[in-house]
Amino acid sequence: EEEVTRKLEKYSVMFLTITFLVCCTYVFIFIWQEKHETFSCEVLHEIAQWCGVLGLIGISRKHLEQDNKVTRFLTARSFPIYIFQFGWIILIQYYLSKLIMNTALLYIGTVVGALAGTLLTVEIVMRIPVIRALFGMGKRR
């Protein structure tokens, strides 16, 4: 896996360039040629997606792989964040949708509320040994 991500990092600019060029070609065929249901559009779409994902993985490895207090904090809590965030999103979205009709405010409220609720819940779980055990987390170091 390390070898693969190193190669993706090395060729990330090439993959993103391919993605850009293929997307431009796709738009040209789709909009100006008005060929919506052609095999070529499907192939171009899949190539753009695949190369885009590979390019983003490479760029992420190059620019986002860091070791500092924030990344160590989030790494230690990644599993409980994964567990609790969806519940908070659903809960906040349900209640805010009854109060707010503006989509942008609903989105911002959901993101901020879910982030705050998730981090609060994770901290509570991380500090109580019995609850930690219920969620399959080991002892605190």
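The values are calculated or read from the model by the stated rules, or taken from the named source; none is laboratory data. No experiment lies behind these values; they were computed from the predicted model shown. As a convention, Cβ positions derive from the backbone with ideal geometry for all residues, glycine included, and neighbour counts pool all protein chains shown. Calculation scope for accessible area: heavy atoms of the full protein, side chains included, ligands and nucleic acids excluded. Shrake-Rupley method; radii C 1.70, N 1.55, O 1.52, S 1.80 Å.
Give the number of residues within the stretch 32-73 that are of a type in the set (V, I, T) and in contact (Cβ under 8 Å) with a residue 24 or more places away in the chain.
3
Could you grab me the full set of residues in the stretch 81-114 that are aliphatic (A, V, I, L, M) and either in contact (Cβ under 8 Å) with a residue 24 or more places away in the chain or touching a strand residue (DSSP E or B) at 6+ places or on another chain (Cβ under 9 Å) (or both)?
Within the stretch 81-114, I81, I83, I89, L91, I92, A114 qualify.
Residues checked against (1) touching a residue at least 40 places away in the same chain (Cβ under 8 Å); (2) out of contact with any Lys or Arg (no Cβ under 7 Å at 6 or more places or on another chain); (3) open to solvent by less than 80 Å² (accessible area, probe 1.4 Å); (4) aliphatic (A, V, I, L, M):
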{"site": "E2", "(1), (2), (3), (4)": "no, yes, no, no"}
{"site": "Y11", "(1), (2), (3), (4)": "yes, yes, no, no"}
{"site": "T17", "(1), (2), (3), (4)": "no, yes, yes, no"}
{"site": "V22", "(1), (2), (3), (4)": "no, yes, yes, yes"}
{"site": "F28", "(1), (2), (3), (4)": "no, yes, no, no"}
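Results for (1) of a type outside the set (G, A, S); (2) open to solvent by 40 Å² or more (accessible area, probe 1.4 Å), shown as yes or no for each residue.
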site: I57; (1), (2): yes, yes
site: D67; (1), (2): yes, yes
site: G87; (1), (2): no, yes
site: L91; (1), (2): yes, yes
site: M101; (1), (2): yes, yes
site: A104; (1), (2): no, yes
site: G113; (1), (2): no, no
site: G117; (1), (2): no, no
site: L134; (1), (2): yes, yes
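Would the stretch 31-53 turn up any residue that is touching a Cys at 6+ places or on another chain (Cβ under 6 Å) and either over 30 Å from L120 (Cβ atoms) or open to solvent by 50 Å² or more (accessible area, probe 1.4 Å) (or both)?
Yes, there is a match, as at least one residue in the stretch 31-53 is touching a Cys at 6+ places or on another chain (Cβ under 6 Å) and either over 30 Å from L120 (Cβ atoms) or open to solvent by 50 Å² or more (accessible area, probe 1.4 Å) (or both).
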